[in-house]
Every structure is written in C-alpha cells, then in structure tokens.
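Asker: Sharing a structure below in structure tokens format, with a few things to ask.
The values are calculated or read from the model by the stated rules, or taken from the named source; none is laboratory data. Since the structure is predicted, the reported quantities are computational estimates derived from the model, not experimental observations. A quick note on method: Cβ atoms are made from the backbone with ideal geometry, for glycine too, and the neighbour counts reach across all protein chains shown.
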Amino acid sequence: MAPTMKEVAARADVSTKTVSRVVNRHPSISDAVRERVQSAIDELGWTPNAHARSLRTGRSGLIGLSLVDLKAPTTARLAQELVIEAERQGLRVSIEPSRGQAERIMQTFASRGALFDAVVHIGPLPRDCQPPAFDPGRPIIGLCTASSLEDPVVLDSIDSDDAGAAQALTRHLQRVHHQDVVLLGREAELPDPFFGQLIDFYPDAPVLRPEARPGTRSTHIADRAAGRELAALTLEQHPWARALVCADDELAIGALSLLRERALDVPLQVALTGYGNIDDGRFSTPSLTTVDLDLPEIARRAIELISRRTGGDSSAPQRSVVPTTLIRAESTLGATHTEHRGTR
C-alpha cells in the first residue's frame with residue numbers, strides 16, 4: 001500500500017500541514033524542518049498527489065521538456081535527472097523533442113498555461129528562436145543554452161561553468177606537457193561556449209569541424225562517426241598534433257577508435273580530451289579525460305526555480321552557473337595513473 005502524507009508527517013514528527021508547506025516550498029519553513037520532512041519523504045517513497053494539487057492550485061503539475069537533441073548522451077542524462085527531481089516534488093514531465101527547429105521550440109513555449117505550468121529547454125537556442133517575453137508565473141528555464149555571461153538575461157537560465165572548465169583543461173594539458181593541440185568541434189551553426197573558450201585559449205591551434213551530412217537536419221553534429229572523421233583528417237593535415245581537444249565526449253570516443261585503429265598510443269603519442277563525462281568515457285581504454293557538468297545539481301536548481309516561480313516569485317530573470325569538475329584520466333595521464341577528480 002502506498003504511503004500517505006499522514007505517515008510522512010508522523011515519521012518527521014510534524015503536522016500534515018507542515019508536510020504540505022514543505023512540498024509547496026512555503027518560505028516560512030525552516031531549513032531543519034524542511035530537511036527532516038524531505039528525509040521522511042525519501043525514506044517512505046511518498047509522492048504528492050498531483051491531481052489534488054491541481055484542484056487546489058489551478059495548475060496541471062506538468063512540465064514541458066524541450067530537447068534540441070534527444071540522442072545526445074549528456075542531454076538524455078540531464079533529462080533523466082530532471083524527471084527524477086520533478087517526481088520527487090510530485091510533478092510530471094512531458095518530453096517535447098525539437099531537433100533544433102525554432103518553430104517546434106516556440107510551439108512548446110506557447111503551450112505554457114494551457115498545457116504546461118513551465119517549460120524547461122535543454123540545449124542552445126537556434127539563432128532564429130527568440131524566447132517570449134519574460135513571464136515569471138509561466139516560467140521558461142533554459143539549461144545549457146550556451147548563453148554568454150555578457151548577454152542580457154532575458155529568461156531564467158542554468159548553465160555549467162564552461163569558462164572555468166576550459167581554463168582547468170588547458171592548465172592540465174600544460175602541466176602534463178601535452179602541446180601541439182588541434183581542436184575538434186561540432187558543426188558550427190549553434191553556439192558552443194566551452195569550445196569557444198578553448199579557441200580563445202589556443203588561438204593558433206587548427207580548428208576542425210564536421211561537414212553537414214546530406215539528408216540530415218541536425219545542426220549540432222557531435223557523434224562518434226564525426227570524431228573518427230576529424231581524427232583521420234587531423235592525422236592527414238596536421239601529423240605533428242600531440243593532443244586532440246574535443247568539444248564533446250562522443251567526438252573524443254570516436255577519435256579514440258580511429259587512433260587505436262592506426263596503432264597510435266594514447267596519450268604517449270597523442271593525448272585526448274572530451275567534455276560531458278558520459279559513462280562510455282569512464283570505461284573506454286584508455287579512460288577519457290573529460291569535464292563533469294554536475295547534471296543532478298543543474299536539475300535540482302531547475303525544479304527548485306520552477307517551484308519558486310509558480311509559488312509567486314516574480315523577481316527578474318536569473319542566471320545560475322553550476323561549477324564543473326575536470327576528470328583527469330588515462331587519455332592524458334597514461335595507464336599508470338588512476339583517475340581522480342580535479343578541483344572545482
């Protein structure tokens with residue numbers, strides 16, 4: 001039998017009214033009580049009744065999740081973290097893939113109020129996609145939208161610290177004496193702040209990007225096939241290269257397969273780095289030096305911000321930056337070194 005709010009209240013030694021206030025993010029609840037109630041919720045596996053909440057608040061309890069690229073591992077993991085965090089708060093998530101098409105994204109944005117209480121958009125916004133005017137009661141939260149810190153804040157956004165990630169990676173490569181760098185990036189239509197920072201740090205390094213493939217609609221190619229192609233092109237055009245610095249783990253893993261096929265030692269002959277910390281990079285041979293984006297924290301902040309907005313927070317649009325962690329591994333350190341995390 002499913003646990004009830006009354007059982008949660010008893011476990012936390014509070015009233016059911018207090019449990020309700022915690023679930024609905026009421027500002028009068030102390031941090032200590034909030035933590036105690038949340039612990040009871042987690043221990044019992046209780047989920048708030050979304051239908052009852054809808055009748056009480058006039059809201060659907062449904063979040064629209066707009067995805068530019070559903071196949072990208074990092075996007076899929078972030079979507080999963082959002083679903084988990086939303087369910088903890090008694091909310092539901094509807095997946096709305098856009099494949100980067102501005103009109104589909106705008107249709108999802110326009111569904112706020114009628115269908116969704118809020119929309120979370122993952123990935124860069126196409127250049128021809130302008131978000132609607134800021135409406136805190138019907139929020140749009142952009143995650144990893146590739147917005148620059150110098151850009152005006154026109155919607156709530158939560159991004160990873162790409163500038164810090166690029167700086168930490170550059171310092172690491174310098175420290176382990178991997179120079180003669182070639183940068184491998186995505187197809188260039190959508191903004192990519194991490195890769196842009198790398199270009200700034202390596203202004204003289206060649207930049208290779210995949211060509212658009214006939215019959216494809218994607219403008220953000222960063223898959224393993226592209227990584228193999230770019231690694232082969234590097235060996236042909238820049239045989240002096242001693243480090244391939246990739247905009248994405250998928251590119252890096254594809255490049256690694258090509259380097260192993262050509263019997264090149266990684267990292268003794270060519271070092272390799274990625275971005276995203278996907279599972280395959282941890283279990284590749286050698287394991288991949290990469291950047292962890294702390295996706296659970298990005299998801300937590302997004303759902304918390306939605307709760308505040310739908311609870312009446314009408315402050316100006318907010319930009320939140322989540323620290324990243326450099327994962328130093330065998331593709332730059334060699335097989336005799338164990339993987340360890342860098343400082344944030």
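Asker: List pairs: first in the range 198-210 and assigned to a loop (DSSP other than H, G, I, E, B), second of a type in the set (Asp, Glu) and surrounded by 14 or more Cβ atoms within 10 Å (Cβ to Cβ), Cβ under 9 Å, 6+ apart or cross-chain?
Answerer: Filtered contacts from the range 198-210: ARG209/GLU187; PRO210/GLU187; PRO210/ASP223; PRO210/GLU229.
Asker: Among the residues of the range 332-341, is any outside the structural domain of ALA79 (by TED's automatic domain parsing) and crowded, with 19+ Cβ neighbours inside 10 Å?
Answerer: Yes - at least one qualifying residue is present in the range 332-341.
Asker: Quick check: anything in the range 63-82 at pLDDT below 85, touching a helix residue (DSSP H, G or I) at 6+ places or on another chain (Cβ under 6 Å) and surrounded by fewer than 20 Cβ atoms within 10 Å (Cβ to Cβ)?
Answerer: Within the range 63-82, not a single residue is at pLDDT below 85, touching a helix residue (DSSP H, G or I) at 6+ places or on another chain (Cβ under 6 Å) and surrounded by fewer than 20 Cβ atoms within 10 Å (Cβ to Cβ).
Asker: Mind counting the residues in the range 279-298 that are touching a strand residue (DSSP E or B) at 6+ places or on another chain (Cβ under 8 Å) and in contact (Cβ under 8 Å) with a residue 60 or more places away in the chain?
Answerer: Going through the range 279-298 one residue at a time, the tally reaches 5.
Asker: Based on what the data block shows, is THR273 farther than 25 Å from ALA76 by Cβ, surrounded by 17 or more Cβ atoms within 10 Å (Cβ to Cβ) and touching a strand residue (DSSP E or B) at 6+ places or on another chain (Cβ under 7 Å)?
Answerer: no
Asker: Pull up the range 6-29, narrow it to residues that are surrounded by fewer than 17 Cβ atoms within 10 Å (Cβ to Cβ) and at pLDDT 85 or above, then point me to the one that is nearest to LEU91 (Cα to Cα).
Answerer: GLU7
Asker: Go through ALA146, ALA165 for me and flag whichever is surrounded by 19 or more Cβ atoms within 10 Å (Cβ to Cβ), under 21 Å from GLY196 (Cα atoms) and modelled with pLDDT under 80.
Answerer: ALA146
Asker: Same structure again: For the range 239-284, which residues satisfy the criterion of being over 22 Å from the mean Cα position of the chain (by Cα), in a loop (DSSP other than H, G, I, E, B) and hydrophobic (A, V, I, L, M, F, W, C)?
Answerer: Within the range 239-284, TRP240, ALA241, ALA263, LEU264, VAL266, LEU268, VAL270 qualify.
Asker: Can you confirm whether ASP135 is farther than 20 Å from GLU297 by Cβ, in contact with a Ser or Thr (Cβ under 6 Å, 6 or more places away or on another chain) and at pLDDT 90 or above?
Answerer: In short, no.
Asker: Another question about this same structure. How about the range 217-238: which of its residues are exposed (fewer than 15 other Cβ atoms within 10 Å of the Cβ), modelled with pLDDT under 95 and not in a loop (DSSP other than H, G, I, E, B)?
Answerer: Result: ALA225, single match.
Asker: Within the range 246-273, track down each residue that is free of Cβ contacts under 8 Å to residues at least 40 places away in the same chain, under 18 Å from ASP223 (Cα atoms) and small (Gly, Ala, Ser).
Answerer: GLY254, SER257
Asker: List the strands (runs of 3 or more DSSP E) inside the range 287-344, counting only whole elements, that have at least 1 residues being modelled with pLDDT under 95 and over 23 Å from ASN277 (Cα atoms).
Answerer: 319-322
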